[in-house]
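In what follows, a structure is listed as structure tokens, so that the remarks can point back to it.
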Amino acid sequence: MTTDRIQLLRERLSALDPVELEIIDESHLHIGHAGSRDGAGHFRVKIVSSRFQGLRPVARHRLVYDLVHDLMPHPIHALAIDAKATT
């Protein structure tokens, strides 16, 4: 199931043409948390894309959330984002 969710995130975030993309399942760190009790996962995304050039962090996060908003709160309960522009 985790592999499916990671693949789904990877497919969605490919729209940002990332030069780097790392998706980490941190669900095991949140066992017992309200969202994880329902089977939803906690993930950390590290993404680098030229699409973030000139954008403030909040705008970068919005681009990511716009692509995955329908996956929240289930099957993804929480998403930590580290979004950087290419240099």
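Derivation of every value follows stated rules applied to the coordinates shown; laboratory data play no part. Small disclaimer: the values here were computed from a predicted structure and weren't measured. Here the Cβ is made from the backbone with ideal geometry for all residues, glycine too, and neighbour counts use every protein chain on show.
Here the 3J(HN,Hα) profile of segment 51-62, calculated from phi with Karplus coefficients 6.51, -1.76 and 1.60 at θ = phi - 60°, is 5, 8, 4, x, 9, 6, x, 4, 5, 5, 5, 4 Hz, Gly and Pro shown as x. In this structure, the amide hydrogen of ILE76, modeled 1.01 Å from its nitrogen in the peptide plane, lies closer than 5 angstrom to those of GLY41, counting only residues at least 5 positions away or on a different chain. Sorted on the mean count of surrounding Cβ atoms within 10 Å across their residues, most packed first, peptides 58-66, 42-50 read 42-50, 58-66.
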